[in-house]
Every structure is written in structure tokens, then in C-alpha cells.
């Protein structure tokens, strides 16, 4: 697993920064990671810049019971974009500088205020879009949101609860249809 | 595998292998006509469809640049994706939801039904409804549509139970699991729906009809089809008489090739169909092919597509089951008392976890409100308002000389100034969706703005009068007798129905016409 590498397997070659953390005890993410300690190399942006971007990402999509690790994936995605595109690196650098070094440790209300002031800028839009795509697109967080991902490999949900909602009445057959392969629904 | 010579002047060239091009290719090859089918995208299969949302999007989507302009909110909300179209063998039939809805009789007489609407360029279709209905019925049998021809409906998912309950409480009469080209049991040598979701990532059981695994392999089996995937048409050539003679394309290695043709059919989805016609300019046709009346690209229609999301406090798990779980048909009527012309479908829609955040929810949402909504992901329900867009002559696809594709050709620019009718319809539809969810117990309702169009239509529309459109009632170019438009571009107006069934019906009808004209040596 490249994204959440353990400390001892990490390669420092070429790194411009590093983000580190420890998964909370009992975190569902710990089930997937080889170690609770994680570290992420940055190849274009510096550690302090990474910390600001991580805080921005968490402010944009706050989930209190979610570890920092999936947010670090957002920073990694931004870092990858910056590696490929000098203009993106400049945009991120400038945006981070605008937020200031204190942003990473500021209270949430202050972070929200700072981001609200720039929410129409390309920097904010870029961090927001990358946050949504990477955070919610990571299979690591699916379980947190109850999402089950692909189900073809498990035979779909036809006989595994696609219609198991019980807090509303059943739909008359005329407006739906029979469940093929089941006695009734 | 059949190979047709580049110099063969007796074959047809069809560009695009989706609902229109793929269907037409099958219909003509099974009648003994040789067809070269050019497709810009790669050929996937049930096995190769990715089930990772982002990956699947990249696998099937046209990702080359396009630009956009106009007052539509899509310009601001989706700056890099003015339109969501497919680039793969099978085209949008790989990523469609399977909704096989008919345009309604009054909708194909939009000019007559709605009267004069300021700022709209409405026309009536040059096709009678009984004839269209005849082809709808053939299409529905071929695609095995639920609730038609004695086929049962799809069973109700948990998601649909919420929709049905709310809709009935609002007093809607026509609410059911839809007319869907999705097998509820094995049929047509295709698998059955296992309610796994992931319809738009490519259906891995083949339960959902797609030309990729129906029309195209059946056309290949006739021995008359030469499918060339990853081949990009860049220009249609013509002779001194103004008739089309060849299609120039780039092969998978990027080399230029020239395929001679007796007849050329363009079915690249409205944006690329328009672009190809405009790129085919010549000394004889300086404004582009089939464009002597300056109509190519005009009247571009999408649908008034926007989401309503209901957040509940009890589990729904809406990703379990078909992506489109049901429809309300009551609002498709034309009823000016609602404050707008035309009507809309309420379609129940689910999105996967990253897609709902990225594309489904309001693009301005972030912070604690976004966090709250996403933490309720398993207790959400969704409605897509699919309403009729009014054509405007200034809503137009053109070439943008400032932005080039990898071959150095100008990309398409999509200009859309929303008609006020669309705003009124969206507001009405979203209010109805909100009321529906609240009637079912929603604790919060959110509404998106217009989403990027997957339903691109009318940019080379059928018209009785050549001054009003690009093609005649059979999709034949007014200017060029052996050039046809075979996709949603040819629709005269968009109706409130998802376009695939109509595109298939028109392709079936066009195949009959082309065969007759070829037999008569008229083309």
C-alpha cells in the first residue's frame, strides 16, 4: 500500500516534506493499515504547507470521528498535481501563504472564517474538489459512511437486502415487479 | 473479422457506435449492407468494466477539452465538464441508466402545443406520432423494456419505497419502477439485474441494454461490419457534386486514414457531431458541411437536469439497486398553469459516495453542512428532475479556435443561455421533489443547480423547412443527400424523456429509409 506507508518502509529520497500521524485506537482504518503509525512523503510541497492543506481539507469536509490519515491522502493528491503542474504548485503555495502558518492549528471557527473569505478563488475550488474526490473516493473511508462499494463480486443485492427497508409500507406489485428467484418480497 | 477496403465506394461509414450508430450498423448489416463503424473510444467488455467510480468515469468518458460559455450555471459549477458524454464502443449506451422513456404525442408538436414562446425557436417534428410509436414499439421489444410487451417491472428497492410513498402522499397517480431497458430475468442472451447499482459504470451482468453487447456483435456476426475502435473521424470529404465521398480519420497509432463511402452517417453525440460537421468545411461549404442555412450547432438542447436530495433519519442504502429506481410521469403534461411550457419526469437517482459529493450536491457546499449530509449518506434519497429544455437559436455549439485537441483541431464550445422557462420548470420540479421527500419524512432537503448534460440533443435537428434545421424527417442532410445524422442531434425538440429510446427508434426508422433509397439507387 503506497498511500499509508509504515515508517520503516518509507523512502525519503526526493521528498520535500512529510506528514505523519497515528491512527486512533479502534479506528476502522487500523484494520486496513499495516501499522497504526503512518507517514506520507511529499514531493513538491513542504511539511508545513502540507499541514495547512490538511487542515483546510478537514475544514471543508469535517468528520470528527475520521482520522487524519484519509485527509493526508488529499494532501498527497494535491502534491501529485503540483508535481505534474508548476502552475498548480504556485497556486497551492500562494493559497497556503495567504491562509498563514497559524491556520493549521487555529480553532475551527477561525479556519471556517478564513476559508469563507476565499471560497470563490481557484485555490479554494481546487482544494475543495480534490478533497471531495480523494476523501470520499477512498475505499478506506467507505465503511465510515456505511457505503459498500462494488457488489458485483458478491452477487449484487438482489437477494442481499436491496429492498430491506421496513419503515415504510411495501409497494404494490402493480407499481413494481416480482423479485426473480425469491419467493416474495 | 470482416475487413472493408479503404477504397470501397459501396459501403457505408457510420461514425459513433452508441444508441444511434450501433443500432443503425446492426440494422444495415443484417440487410446485407457493408458498414465501416468508426468509434473514437476503446472496446470494453463486461469483464473489463471498472467498478471503482473514478476509474470507471475515466474509462468511459470523453475527457478531451471542451469549452463553454453563456449564463448557464454549469459554466461556473463544472468549468471542466460542460457535457458528460461517453467515448467507448457502445457510446452512452454503456453509461446510461437504462431509462427507456417515450417522447409524448404533444411533445413532438411542441410549436403547436406551446404556441409562440419568446426567445425560443420551437418547431414541430416532421414525423407523425403513430409512425414514431411504431418504431418505439420495435425498439422496446428489441431492448426488452420493462412494463412493455408483457414484461414485468423492476422490483421495488428500498430507495423506491421512499419515492413511492412520498409520491402517493402528494397525490401522484403514475409512479412506478419505470420503463427500463434492464432485464429482470435472463433474456435476449443477456444476464439479469442483480440490483448491484453501478449501472453507469458499465453493467457487468449485461442486464442493461447496450449496443456494446447486443447490436454490435450481432452486426459483426453478419460478416458485414468492420468496427474500427480508437479511430477518430476528423473530416468528412465531398466531391464536386457536393455529395460525401470519404471520411478522414486518425487510426489508433494517430496516423491519418481515408475511408471511401457511399453514404456517411454521423452519430457522435450532439457535441462531437456538430464539431465534425463544422470541421468539414471546404471551398464549396465554407461554413461547414450541411450548414448552408447556418443551422448546424444551433438550438442545442440538454434537459433541465438537476437533483433534489432528501436526508432521512432512518437507513435507506440507496446504492443498493438500480441507479434509476423509478419515475413519476404525472408532471410530463403540458399545463401552462404551472408557469412554464412543457413538462418533466421526476426520476429517482442514486450516486456513489465520491460522485454525490463531487457532482450531485450543490457545488457551493462545504464545512459542517457538507459533513452533516455526508454522514447521512446511508439515509439519503435522490431525485433527478429531467425536464424539457426549450430550444434557442443562440444556444449553439461552435468551434473554439483558441483551444486545440491533441490532433491540433479546434475543440467544441458549448454556449447556453438558459431560457427563463427552464428556471421556472426547475423550481417547480425541485419544489415537488422537496415536498415528496418531506411527505416521506425527510429531515433535510438539498437542491443542486443544473448538472452537466448527458442528454445532448437538437444541434442538427430535423425540420420540414431547410431554413429551420439541418436534416429532413429521416435524418438526411438537407444539403447533402448521402449524409445522415443518426443521434440525438436530429431530434427536433428534446421532449422530457431521456433520449436513448427515441434515438434507437429514429435509427430503426432511418435504416428502413436508407435501405429503400439505396435499393432505388437514389443514394
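Within the range B:374-486, considering only strands (runs of 3 or more DSSP E) that don't extend past its boundaries, which have at least 2 residues that are out of contact with any helix residue (DSSP H, G or I) (no Cβ under 7 Å at 6 or more places or on another chain) and farther than 22 Å from residue B:79 by Cβ? Break it down into steps so the answer makes sense when it comes.
Working: elements: B:380-387, B:396-404, B:410-415, B:444-447, B:483-485.
Correct list: B:380-387.
Output yes when any residue across the range A:114-122 is free of Cβ contacts under 8 Å to residues at least 60 places away in the same chain, closer than 21 Å to residue A:20 by Cβ and in contact with a helix residue (DSSP H, G or I) (Cβ under 6 Å, 6 or more places away or on another chain), and no when none is. Walk me through it before giving the result.
Residues of the range A:114-122 that are free of Cβ contacts under 8 Å to residues at least 60 places away in the same chain, as a first pass: A:114-122.
Adding the requirement that they be closer than 21 Å to residue A:20 by Cβ leaves none.
Scanning the range A:114-122, I find no residue that is free of Cβ contacts under 8 Å to residues at least 60 places away in the same chain, closer than 21 Å to residue A:20 by Cβ and in contact with a helix residue (DSSP H, G or I) (Cβ under 6 Å, 6 or more places away or on another chain), so the answer is no.
For the range A:142-185, which residues satisfy the criterion of being more than 7 Å from every other protein chain (Cβ to nearest Cβ), more than 37 Å from the chain's Cα centre (by Cα) and part of a helix (DSSP H, G or I)?
If the condition is that a residue be more than 7 Å from every other protein chain (Cβ to nearest Cβ), more than 37 Å from the chain's Cα centre (by Cα) and part of a helix (DSSP H, G or I), then A:173, A:174 are the ones that fit.
Pick from the range B:151-167 the residues that are touching a residue at least 60 places away in the same chain (Cβ under 8 Å) and more than 7 Å from every other protein chain (Cβ to nearest Cβ): which of them is nearest to residue B:193 (Cα to Cα)?
B:159
Examine the range B:370-382 for a residue that is in contact with a strand residue (DSSP E or B) (Cβ under 9 Å, 6 or more places away or on another chain), within 21 Å of residue B:70 (Cβ to Cβ) and more than 11 Å from chain A (Cβ to nearest Cβ), and state whether such a residue exists.
no
Can you tell me which residue is nearest to residue B:253 (Cα to Cα) among those in the range B:205-238 that are surrounded by fewer than 24 Cβ atoms within 10 Å (Cβ to Cβ) and within 14 Å of chain A (Cβ to nearest Cβ)?
Out of the qualifying residues, it is B:206.
Within the range A:133-141, identify whether any single residue is away from chain B (no Cβ under 13 Å) and closer than 25 Å to residue B:361 by Cβ, and answer yes or no. Let's see the steps before the verdict.
Initially, the range A:133-141 is screened for residues away from chain B (no Cβ under 13 Å), giving none.
Taking every residue of the range A:133-141 in turn, none turns out to be away from chain B (no Cβ under 13 Å) and closer than 25 Å to residue B:361 by Cβ.
Pick out, from the range B:1-95, the strands (runs of 3 or more DSSP E) lying fully within it that include 3 or more residues that are farther than 21 Å from residue B:355 by Cβ.
Working: elements: B:12-15, B:35-38, B:67-69.
Filter on the range B:1-95 gives B:12-15, B:35-38.
Could you look through the range A:107-120, keep only residues that are closer than 21 Å to residue A:46 by Cβ and either more than 9 Å from every other protein chain (Cβ to nearest Cβ) or surrounded by fewer than 18 Cβ atoms within 10 Å (Cβ to Cβ) (or both), and pick out the one that is nearest to the chain's Cα centre (by Cα)? Explain how you work it out, then say what you get.
Of all residues in the range A:107-120, those closer than 21 Å to residue A:46 by Cβ come to A:111, A:114-115, A:118.
Filter again for either more than 9 Å from every other protein chain (Cβ to nearest Cβ) or surrounded by fewer than 18 Cβ atoms within 10 Å (Cβ to Cβ) (or both), leaving A:111, A:114, A:118.
Values: A:111: 18, A:114: 21, A:118: 21 Å.
Among those residues, the one meeting the criterion is A:111.
Looking at the structure I just gave you, is residue A:95 modelled with pLDDT of 95 or more, in contact with a helix residue (DSSP H, G or I) (Cβ under 9 Å, 6 or more places away or on another chain) and not in a helix (DSSP H, G or I)? Talk me through it step by step, then tell me what you get.
Details: modelled with pLDDT of 95 or more: yes; in contact with a helix residue (DSSP H, G or I) (Cβ under 9 Å, 6 or more places away or on another chain): yes; not in a helix (DSSP H, G or I): no.
Spelling it out, it is not the case that residue A:95 is modelled with pLDDT of 95 or more, in contact with a helix residue (DSSP H, G or I) (Cβ under 9 Å, 6 or more places away or on another chain) and not in a helix (DSSP H, G or I).
What tally of residues in the range B:168-200 results from selecting those that are closer than 21 Å to residue B:503 by Cα, within 11 Å of another protein chain (Cβ to nearest Cβ) and part of a loop (DSSP other than H, G, I, E, B)? Spell out how you get there, then give the answer.
Pass one, the range B:168-200, residues closer than 21 Å to residue B:503 by Cα: B:178-183, B:188, B:199-200.
Going one step further and asking which of them are within 11 Å of another protein chain (Cβ to nearest Cβ), we end up with B:178, B:180, B:182-183.
Now drop any that are not part of a loop (DSSP other than H, G, I, E, B), which leaves B:178, B:183.
Qualifying residue count for the region: 2.
Would you check if residue B:313 is in contact (Cβ under 8 Å) with a residue 12 or more places away in the chain, within 14 Å of chain A (Cβ to nearest Cβ) and crowded, with 24+ Cβ neighbours inside 10 Å? Please lay out each step first, then the result.
Working: in contact (Cβ under 8 Å) with a residue 12 or more places away in the chain: yes; within 14 Å of chain A (Cβ to nearest Cβ): yes; crowded, with 24+ Cβ neighbours inside 10 Å: no.
For residue B:313, the condition - in contact (Cβ under 8 Å) with a residue 12 or more places away in the chain, within 14 Å of chain A (Cβ to nearest Cβ) and crowded, with 24+ Cβ neighbours inside 10 Å - is not met.
Being in contact with a helix residue (DSSP H, G or I) (Cβ under 7 Å, 6 or more places away or on another chain) and surrounded by fewer than 24 Cβ atoms within 10 Å (Cβ to Cβ) is the filter here, so list the residues in the range B:332-342 that pass it.
Selection gives B:334, B:338, B:339, B:341.
Taking the range B:339-367 only, how many residues are closer than 20 Å to residue B:96 by Cα, at the interface with chain A (Cβ under 8 Å from one of its Cβ atoms) and assigned to a loop (DSSP other than H, G, I, E, B)?
Residues that pass the stated criteria total 1.
Residue check: is residue A:104 more than 10 Å from chain B (Cβ to nearest Cβ) and on the phi < 0 side of the Ramachandran plot? Walk me through it before giving the result.
On the way: more than 10 Å from chain B (Cβ to nearest Cβ): yes; on the phi < 0 side of the Ramachandran plot: yes.
Yes; evaluated as a whole, the condition is true for this residue.
All but one of (1) without any contact (Cβ under 8 Å) to a residue 40 or more places away in the chain; (2) more than 13 Å from chain B (Cβ to nearest Cβ); (3) buried (at least 16 other Cβ atoms within 10 Å of the Cβ) hold for residue A:93; state the number of the condition that does not hold.
With (1) without any contact (Cβ under 8 Å) to a residue 40 or more places away in the chain; (2) more than 13 Å from chain B (Cβ to nearest Cβ); (3) buried (at least 16 other Cβ atoms within 10 Å of the Cβ) applied to residue A:93, the lone miss is (1).
The values are calculated or read from the model by the stated rules, or taken from the named source; none is laboratory data. Keep in mind the model is a prediction, meaning the values are calculated, not measured. All Cβ positions, even for glycine, are placed from backbone atoms using ideal geometry, and neighbour counts span all protein chains on display.
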